[in-house]
Amino acid sequence: MLNLALLRSFVSLAETGSFQDAAARLSIAQPTLSQHIKKLEQDLGVVLIERSHAGSRSTRHGERLLPYARSLLRTAERAAAVARQNALVIGCSGNIAGYYISRAIKRFLEVDGWTGGWEVRTAPNPQVAEMLARREIDVAAMEWPIEDPAIAVTPWRRAAMTVILPPDHAWAGRDAITPDEFLTLAVIGGEGGSGTGTVLRSLFGARASHLQVVANVGSTEAVKSAVKAGLGVSIVLADAVGDDVAAGRLAAVPIAGAALEKTFYIARPADLPDQDVTARFAHSLVGDPPVPTDG
């Protein structure tokens, strides 16, 4: 069994590169830190740290161990917080964090009376799913459902989406464009695994292979910037572009005959009792009407 205290010392030393700085960070004596590293190396049977007068650095064995050590420490912290039930950690994509989750948290705090701490961690949807599986977060707000029998998944809300174009695009003033016309456009975003990509593949079915995705830029704000620059078009949450459309910085045009919507889901461990704060938070979201948004 790996000792968490030893792992904590190893991570601190690997990150600082100095026995003195790592010991100060951990509020322990340098000889104690040295003993921790030596014991961990003995337990694993490999050298983890190269020592020199210039400092210390991880060996190839140490580099391999480092991400797992960090993950174990995060899991231990989460386990302690869950046992004390004094923190709620929510994982979600940048879109949900930017436009929806804050109001949902506020409503939960007002209705439930929860007085513990809360935290929002943002990451791409696949990473959020992994974080939930590792119990690094308590609950996830997802842009697609997780298929895992250990995870309870419930639809939360639907959010309208729209095609955005540069304001000087030839089609910017049209009432709608056809699906065939959209397939002729250079598209920013919509990669596989993203919520937008899921919407596009649902809309076009077998013809999704004809989508001309030219770039993936990582966030809705970056997508808007790329479209404003004339690098392509995209499909984004309507809530994310209301101000830009009103100010004439972007044009929004629907696709004829298509109800562009993205469904958000709430995912949590299925084995939690209803009185657990995570279950209460999840129930508060899926049991309430859609959270209003600005614009």
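Readers should treat all values here as calculations from the given coordinates under stated rules, not as data from a laboratory. No experiment lies behind these values; they were computed from the predicted model shown. We place every Cβ from the backbone using ideal geometry, glycine too, and count neighbours over all the protein chains shown.
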task: Taking only Cα atoms and a 10 Å spring cutoff, compute GNM fluctuations for the chain and point out the largest among Ala240, Ala159, Ala29.
output: Ala29
task: Distance from a point 7 Å along Cα→Cβ of Ser219 to each backbone N in the range 115-131: keep the residues under 16 Å and list them by number.
output: 120-125
message: Contact order normalised by length for the chain, with contacts defined as Cα pairs under 8 Å and 6 or more residues apart; what percent is it?
response: 21 percent
Amide H partners (placed H, <5 Å) of Arg157, local residues excluded: Phe264
field: Ala186 long-range amide H proximity, modeled H, under 5 Å
entry: Val233
task: May I ask for the distance between the Cα centers of the range 1-48 and the range 189-258, given as a whole number of Å?
output: 48 Å
- prompt: Given that just one value was derived from the coordinates, which of (i) 0.94; (ii) 1.83; (iii) 1.25 is Cα Rg over 2.2 N^0.38 Å?
  reply: (iii)
- prompt: Residue-wise, which Karplus ³J(HN,Hα) couplings in Hz belong to the range 95-102, taking 6.51 cos²θ - 1.76 cosθ + 1.60, θ = phi - 60°, and x for glycine or proline?
  reply: 4, 5, 5, x, 10, 9, 5, 4
Compactness index (Cα Rg / 2.2 N^0.38 Å), the range 100-237: 1.25
message: If I build a Gaussian network model for the chain, linking alpha-carbon pairs within less than 10 angstrom, which residue out of Ile28, Ile96, Ile146 has the largest mean-square fluctuation?
response: Ile28
task: Let me know the charge dipole size of the range 4-81 about its Cα centre in debye, to the nearest 20, where only the beta-carbon of Lys, Arg (+1) and Asp, Glu (-1) is charged.
output: 100 debye
- request: Please list, in chain and number order, the residues 5+ apart from Ile151 or on another chain whose amide H is under 5 Å from its amide H, with Hs placed from the backbone.
  value: Ala270
- prompt: Stretch Ala76-Ala259 to full length: gain in nm at 0.36 nm per residue minus the Cα-Cα span?
  reply: 61.5 nm
message: What does the C-alpha gyration tensor say about the overall shape of the range 1-65? Classify as rounded when a/c is under 1.5, otherwise prolate if a/b is larger than b/c, or oblate.
response: oblate
field: Estimated vicinal HN-Hα couplings, Hz - the range 24-29 in sequence order (Karplus 6.51, -1.76, 1.60; Gly, Pro = x)
entry: 5, 4, 8, 6, 10, 6
- prompt: Bin by bin, in steps of 10 Å, what percent of the Cα pairs in the range 159-262 do you find, going until the bin that has the longest distance?
  reply: 16, 56, 27, 1
